[in-house]
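Each remark here refers to the structure printed beneath this line.
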Amino acid sequence: AQSVSQHNHHVILSEAASLELGCNYSYGGTVNLFWYVQYPGQHLQLLLKYFSGDPLVKGIKGFEAEFIKSKFSFNLRKPSVQWSDTAEYFCAVTSNNNDMRFGAGTRLTVKP
Amino acid sequence: GAGVSQTPSNKVTEKGKYVELRCDPISGHTALYWYRQSLGQGPEFLIYFQGTGAADDSGLPNDRFFAVRPEGSVSTLKIQRTERGDSAVYLCASSQGGGLFNEQFFGPGTRLTVL
């Protein structure tokens, strides 16, 4: 079955630590990949997206993600997190259908 | 409007009742999506509209769930004979066009609690 897996349920980091959140998907064929963020009390917002081209994608707020087709992965990274990055992060995939499939989310807590 | 809006923000109902959840997409967006997010889970696709028609309703869990978008703008998600398992946050999103390449903009959601 098609699915999106996020490896970490809850990640706790100190400010200035580096971040990597894992995302794997099980779709065959062409995929479009997204990372969304939900800050406490706010809507889901798009962080970055990959459709084609350079597999290293830069997003807002210093985030980036790398699409590795051979590993079916699209991990999210940030070199140095801030307290304001505390949020829930969702990986999402669209494939041949119009529906977007989300992972279960990773809660990031950044300690000041 | 400036963004996707959803009403009500919270809805508490009793088991067996009927509820309607409303979504007002960004003006000019032709595509509209409904998702359901249960506690500790990511959003789960329910239905996608392109204009007035439901282009993909494969995510609706059963025939108690129905959605309409009669004029191609506002959409209403209708749930009949609600069950406790329907309790979740119902999210709406819209995009400029349908298909895979258009960014979806999400509303704040309606938190539905079925007692």
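Which FRET efficiency value, to the nearest 0.05, do you get for B:GLU83 and A:ALA104 by plugging their Cβ-Cβ distance into 1/(1 + (r/R0)^6) with R0 = 25 Å?
Working: r = 22 Å, r/R0 = 0.90.
Plugging the Cβ-Cβ distance into 1/(1 + (r/R0)^6) gives 0.65.
Within the range A:2-112, what whole-number % of the accessible surface is contributed by carbon and sulfur, with the 1.4 Å probe and all protein chains included in the calculation?
On the range A:2-112, the fraction of accessible area on carbon and sulfur atoms equals 50 percent.
Per 10 Å bin from zero, what fraction in whole % of the C-alpha pairs of the range A:4-111 is there, up to the bin with the longest pair?
That works out to 15, 51, 28, 5, 0, in percent per bin.
Counting only other chains, and only Cβ atoms inside 10 Å, what mean value do you get across the residues of B:36-43? Before the final figure, lay out each step's value.
Numbers: counts 0, 5, 1, 0, 4, 5, 15, 10.
If you average over the peptide's residues, the count of other-chain Cβ atoms is 5.
Output the peptides B:71-83, A:81-93 sorted from most to least packed, where packing is the average of other Cβ atoms within 10 Å over each peptide's residues. Walk me through the numbers on the way to the answer.
Details: B:71-83: 16.2, A:81-93: 19.9.
Highest mean packing first, the order is A:81-93, B:71-83.
Taking each residue of A:36-44 in turn, how many C-beta atoms of other protein chains fall within 10 Å of its C-beta, and what is the average?
Values: counts 4, 0, 4, 0, 0, 1, 2, 10, 12.
Mean partner-chain Cβ count within 10 Å for A:36-44: 4.
Using a simple spin-label model with points 7 Å from Cα along the Cα→Cβ vector, what separation in nm is obtained for A:PHE51 and A:GLU66?
Placing both labels 7 Å beyond Cα along the Cβ direction yields 2.4 nm.
In Å, what is the Rg of the alpha-carbon atoms in the range B:9-115, and how long is Dmax?
In order Rg, Dmax, the Cα atoms of the range B:9-115 give 13.1, 40 Å.
Which length gain, in nm to one decimal place, applies between B:THR13 and B:THR76 when the Cα-Cα distance is subtracted from 0.36 nm times their residue separation? Let's see the in-between values first.
Details: separation 63, 0.36 × 63 = 22.68 nm, distance 1.69 nm.
Separation in residues times 0.36 nm, less the Cα-Cα distance, equals 21.0 nm.
How far apart, in nanometres, would the label points at A:GLN42 and B:ASP63 be if each is projected 7 angstrom from Cα along the Cα-to-Cβ direction?
That separation, rounded to one decimal, is 4.4 nm.
In cubic angstrom, how much convex hull volume per residue do the alpha carbon atoms of the protein assembly as shown span? List each step's numbers first, then the result.
On the way: hull volume 27.9 nm³, N = 227.
It comes to 123 Å³ per residue, whole-number rounded.
Rounded to the nearest 100 Å², what is the buried accessible area between B and A, both sides summed, probe 1.4 Å?
Counting protein atoms only, the buried area is about 1700 Å².
Averaged across the residues of B:104-113, what count of C-beta atoms belonging to other chains lies within 10 Å of each residue's C-beta? Before the final figure, lay out each step's value.
On the way: counts 7, 4, 7, 2, 4, 3, 0, 0, 0, 0.
The mean count of partner-chain Cβ atoms within 10 Å per residue comes to 3.
Just which residues of the range A:73-112 lose 40 Å² or more accessible area with every protein chain there, against their chain alone, with the probe set to 1.4 Å?
For the range A:73-112, once contacts with the other chains are taken into account, A:ASN98, A:ASP99, A:MET100, A:PHE102, A:ALA104 lose 40 Å² or more.
Can you report the principal axis dimensions of the range B:48-111 using only the alpha carbons, biggest first, rounded to whole angstrom?
Largest to smallest, the principal-axis extents are 35, 22, 20 Å.
Can you give the accessible area per residue of the protein assembly as shown, in Å², using a 1.4 Å probe?
Working: 10690 Å² over 227 residues.
Per residue, the protein assembly as shown has 47 Å² of solvent-accessible surface.
The values are calculated or read from the model by the stated rules, or taken from the named source; none is laboratory data. None of these values were measured; they are calculated from a predicted model. No Cβ is skipped: glycine too gets one built from the backbone with ideal geometry, and neighbour counts run over all protein chains shown. Surface areas here come from the heavy atoms of the whole protein model, side chains and all, with no ligands, DNA or RNA. Shrake-Rupley method; radii C 1.70, N 1.55, O 1.52, S 1.80 Å.
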